[in-house]
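So the structure is just underneath, and the comments pick up after that.
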């Protein structure tokens with residue numbers, strides 16, 4: 001496939017700033033604040049992933065490593081999909097969120113933070129180009145690294161990625177629906193969500209945490225009525 005044309009850096013910064021107004025999952029920093037806790041995202045395939053999974057397990061207070069792995073992966077997927085869906089939908093800009101271009105940090109009580117500096121991206125609305133960047137180049141290698149550490153279903157994790165995408169689309173509203181639907185029909189995301197009902201076909205395991213309940217889009221909603229949670 002022909003590579004998309006680069007977008008001017010100011011356009012990428014403006015698109016990300018607009019996206020960040022939705023909520024914290026949509027926010028990607030484009031200016032380095034000088035803090036010493038930023039780490040290369042490429043490190044998430046090694047020791048950085050161990051640190052993230054441990055921090056999430058501590059926050060959840062649950063000793064099943066599958067639960068921490070699932071919640072950490074879904075949260076990270078949401079942190080990628082949310083700004084991407086927003087910038088492509090609202091500005092026709094796909095930020096360069098390849099692992100080599102990004103830095104990350106995790107602070108208790110916050111979503112994973114991402115830093116894209118210098119800002120760069122592409123002018124495109126092509127779902128295949130979006131999929132290749134987020135799924136093939138980023139989430140695929142991360143999923144493999146998670147499964148190297150934890151015995152967790154690949155299908156479950158791709159369901160988490162799809163749920164994160166659908167959650168971002170719900171925040172953005174109808175304008176994002178065509179891109180969301182196209183992405184959910186591609187490759188590893190295909191078949192993970194029933195678009196008619198909005199229910200995913202796997203469960204993120206959040207219900208295993210005492211008081212956690214099930215998500216609004218959970219496949220288990222017919223059997224587990226302990227409660228619901230948002231994104």
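Here, each number is a calculation from the coordinates, and none is a lab measurement. Computed from a predicted structure; not experimentally measured. In this analysis, Cβ positions are derived from the backbone assuming ideal geometry, glycine residues included, and neighbour counts consider all displayed protein chains.
Computed values, structure above
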{"quantity": "Spacing of the two label points (7 Å from each Cα toward its C-beta) at residue 33 and residue 110, in nm", "calculated": "0.4 nm"}
{"quantity": "The stretch 96-170 and the stretch 11-55: distance between their alpha carbon centers, rounded to Å", "calculated": "11 Å"}
{"quantity": "Sorted peptide list for 18-26, 71-79, criterion being average Cβ within 10 angstrom, highest first", "calculated": "71-79, 18-26"}
{"quantity": "Order of 148, 36 - criterion: other Cβ atoms within 10 Å of each residue's Cβ, fewest first", "calculated": "36, 148"}
{"quantity": "Burial ranking of peptide ranges 101-107, 59-65 (average Cβ count within 10 Å, highest at the top)", "calculated": "101-107, 59-65"}
{"quantity": "Ranked list, fewest to most other Cβ atoms within 10 Å of each Cβ, for 132, 110", "calculated": "110, 132"}
